[in-house]
Amino acid sequence: MAAASAVLQSEWTKIRTVSSTVWTLASALVVTVAMSAALSALLNATFDDLSELERATFDPTFVSFSGMVLGQLAMVVFGVLVVGTEYSSGMIRTSLAAVPQRAAFLFSKIAVAGALALLVGMVTSFLSFFLGQALLGEHRTTLGADNVLRAVVGAGLYMTLIALFSMGVATMLRSSMLSLGILVPFFFLISQILSAVPKAKEVARYFPDQAGSKIMQVVPEALGSEKAPYGPWGGLGIMLVWVAAALAGGYLVLKRRDA
Amino acid sequence: MIELEGLTKRFGAKTAVDHLSFTVRPGVVTGFLGPNGAGKSTTMRMMLDLDNPTSGTVRIDGRHYRELQEPLKYIGALLDAKAMHGGRSAYNNLLCLAQSNRIPERRVGEVLDLVGLTAVAKKKSKGFSLGMGQRLGIASALLGDPEILMFDEPVNGLDPEGIHWIRNLMKRLAAEGRTIFVSSHLMSEMALTADHLIVIGQGKLLADTSMADFIQRNSRSYVRLRSPQQERLRDLLHANGFVAVEAGGGTLEVDGATTEKLGELAAAHQIVLHELSAQRASLEEAFMQMTAGAVEYHAHGTDIHGGGDGPAGPRWGETFEGV
């Protein structure tokens, strides 16, 4: 078996030598921070127009992550491309000839890409939080307040898990286009729409993004959202199960199918 | 040494590789020959453990590919020229492969130099021509300085200069005592480079022989005759038990006879000959004859002979003597 450190080093070289890594991760950071800042400023300006319920459950932490709805899509693209370009370029055959142990190959790749996503996710969430609070004026909270640090760290974890989930799906589907064609509409449209439809939302709350994003809320039922049958860590746990399932599925496909 | 034992690959109902057993011996160039669709690439992918065999095994120096520690140091392969990430430079494409097998980074520069790509090392590989892509693929195969090298149709689509370069490279590598396994669908290409020959058709082993033996056994020799008195000559040959086939341009071809015997026979009956020559069918023809029944994709056109045990359409290798 090829030495694990050697394969990790190889995967790091792969990821740092393609331009898509930089632009997807930069987009994830910029889009999330910018959109969160804009919405924080907007809510600060229009706070008095909010309904009484929304004012009572106002969650400044959660508000400062509101750009993640869009920013996570860049994380999806990052995760998909990390795996998908191996297939679209034909590099996968060269890669597997060099590292024939499928588990070593896949999990080294995922470890490297996951670590990078975690770093960018954490930077994004802290930046987003501090900038958002600065713009929320008198409605702001602080990192030292109850559960706020958990939510900020959780937001970074959420972005990482979104990237990992996308890597698992792309490994299963073995195609960037197909994976993006499914994941982007799913996270951006389907999950959002279903979460607003009665009955359907009972199911939608178990989707990876819906469950995982609970970790970013400090106030339960923030901004008048509905009560979920799980807490913040429970929600992240549900998301973790999705990620584990996607990665396990990806590994099985890689192991069984011809490259 | 690579050993294949009963290697079989089925895609649904179609058997692409059918109980293939042979050994690729060290120190020689082994040609892997077969018409398009014969299963050459599938076999090579199974040798590298990229495709899972339906049954059978491949062993490299006695071990499965997946058990190899840093496989690029044992076996280097060129499967298809474009199996690299186009957005990455040639240098970085090779670097990540080198790192995965703990090959020192200076080796990347060495192999780029060896294949003549030093000048474009920092360029993204998606801008490469087919020939440059092929060179990059060969550089990746040579990266680990392996004892065994595998090339799948290395001259496909190359210009004459590129073909010449690859031929010389393979000869040089074999002269260094390496095991070379190279596939082709062109017999003429093999005749120039291979010492040993493995021929497959429709996934089945058709021949496993030295090049010299193959030439000896498979090339058909015949005598070509041309005469202004063609009708008389033909009758005479038939009367003496020879089968003369009209071969166009007023010539007759006779199998299994010597020029001496036919010349004397014509002289005895005072037939004027304008041509009397011993001919040898080319290796290409011998190969086509061998794989005639096992060709996957027939051109449907002039069915001259019909019948035969192969599928409908003209049988390869027979058309040349008919027209």
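Out of all Cα-Cα pairs in the protein assembly as shown, roughly what percent, to the nearest whole number, are more than 42 Å apart? Beyond 42 Å sits 43 percent of the P(r) for the protein assembly as shown. Put simply, when A:181-192, A:112-123 are sorted by average Cβ atoms within 10 angstrom per residue, most first, you get A:112-123, A:181-192.
Each residue of the stretch A:124-130 is assigned a 3J(HN,Hα), and the resulting list reads 4, 5, 5, 4, 4, 5, 5 Hz, derived from the Karplus form 6.51 cos²θ - 1.76 cosθ + 1.60 (θ = phi - 60°), x at Gly and Pro.
Okay, helix-only estimate at 222 nm for chain B: each DSSP H run of n ≥ 4 adds -39500 (n - 2.57), divide by all residues, round to 500 deg cm²/dmol; what do you get?
Details: 11 runs with 104 residues, N = 323.
Calculated from helices alone, the mean residue ellipticity at 222 nm is -9500 deg cm²/dmol.
Relative to one another, the C-alpha centroids of the stretch B:41-107 and the stretch A:191-215 are positioned 44 Å apart.
Annotated for chain A: lysine pairs at least 8 residues apart or interchain, Cα distance under 22 Å, count 8.
Simple spin-label estimate for B:Val243 and B:Thr23 gives 3.8 nm between the two label positions (7 Å along the Cα-to-Cβ direction from each Cα).
In deg cm²/dmol and to the nearest 500, what is the mean residue ellipticity at 222 nm of chain A if only DSSP H runs of at least 4 residues count, each as -39500 (n - 2.57), divided by the residue total?
It comes out at -23500 deg cm²/dmol, rounded to the nearest 500.
Which percent of the accessible area of the protein assembly as shown is formed by carbon and sulfur heavy atoms (probe 1.4 angstrom)? Accessible surface attributable to carbon and sulfur in the protein assembly as shown totals 59 percent. Of all DSSP-defined beta bridges confined to chain B, some 65% are antiparallel rather than parallel.
Explain nothing, just the number: dipole magnitude of the stretch B:109-221 about its Cα centre with +1 on each Lys and Arg Cβ and -1 on each Asp and Glu Cβ, in debye rounded to the nearest 20.
340 debye
Label zone (A:Val203, point 7 Å along Cα-to-C-beta; backbone nitrogen cut-off 11 Å) within the stretch A:173-191: none. The distance from the alpha carbon centre of the stretch A:137-180 to that of the stretch B:230-279 is 87 Å, rounded to a whole number. Taking A:Glu226, A:Glu86, A:Glu11 in turn, the Gaussian network model of chain A (Cα-Cα springs below 10 Å) assigns the largest fluctuation to A:Glu226. Against chain A, whose longest principal axis is taken from its Cα atoms, helix A:176-185 shows a tilt of about 20°.
Beyond 18 Å, what share of the Cα-Cα pairs of the stretch A:97-155 remains, rounded to the nearest whole percent?
When every Cα pair of the stretch A:97-155 is considered, 52 percent fall beyond 18 Å.
Our coupling estimate for the stretch B:178-184, obtained by passing each phi through the Karplus curve with A = 6.51, B = -1.76, C = 1.60 and θ = phi - 60°, is 8, 8, 10, 10, 10, 9, 6 Hz, Gly and Pro reported as x. Ignoring lysines fewer than eight residues from B:Lys40 along the same chain, the ones with Cα atoms less than 20 angstrom from its Cα are B:Lys9, B:Lys14, B:Lys82, B:Lys204. Residue-wise HN-Hα couplings along the stretch B:68-78, as the Karplus relation 6.51 cos²θ - 1.76 cosθ + 1.60 with θ = phi - 60° gives them from phi, are 6, 7, 6, x, 5, 7, 9, 9, x, 9, 10 Hz; Gly and Pro carry x. Near the amide H of B:Phe151, within less than 5 Å, lie the amide hydrogens of B:Leu78, B:Phe181, B:Val182, B:Ser183, all on another chain or at least 5 residues away, with H placed in the peptide plane.
Note on chain B: with a GNM built from Cα contacts shorter than 10 Å, the maximum mean-square fluctuation among B:Ala139, B:Ala292, B:Ala239 falls on B:Ala239.
Cut-off 17 Å, label point 7 angstrom out along Cα-to-Cβ of B:Asp235: give me the residues of the stretch B:248-272 whose amide nitrogen falls inside. Answer for the stretch B:248-272: B:266-272. How far is helix A:232-256 tilted, in degrees, relative to the longest principal axis of the Cα atoms in chain A, given as a value from 0 to 90 rounded to the nearest 10? Taking the Cα atoms of chain A, the angle to A:232-256 is about 20 degrees. The amide H of B:Asp51, built 1.01 Å from its N in the peptide plane, has A:Ala259, B:Met46 as neighbours under 5 Å, considering only residues 5 or more places off or on other chains. Look at where the Cα atoms of the stretch B:108-140 and of the stretch B:157-224 average out, and the two centres are 26 Å apart.
Distance from a point 7 Å along Cα→Cβ of B:His164 to each backbone N in the stretch B:122-154: keep the residues under 17 Å and list them by number. The answer is B:131-132. Once the mean of 1/r is taken over each pair of separate Cα atoms and inverted, chain A shows a Kirkwood hydrodynamic radius of 18.9 Å.
Legend: calculated FRET efficiency, B:Leu192 to B:Asp80, from the Cβ-Cβ distance at R0 = 25 Å, rounded to 0.05, equals 0.65. GNM on chain A, alpha-carbon springs under 10 angstrom: the most fluctuating residue among A:Val31, A:Val197, A:Val241 is A:Val197.
Distances between placed amide hydrogens fall under 5 Å for B:Lys204 paired with B:Asp18, all partners being 5 or more residues away or on another chain.
The values are calculated or read from the model by the stated rules, or taken from the named source; none is laboratory data. Remember, predicted model here, so these are calculated numbers, not experimental data. Backbone-built Cβ (ideal geometry, glycine too); neighbour counts: all protein chains shown. What goes into the accessible areas is simple: the full protein's heavy atoms, side chains included, and nothing from ligands, DNA or RNA. Shrake-Rupley method; radii C 1.70, N 1.55, O 1.52, S 1.80 Å.
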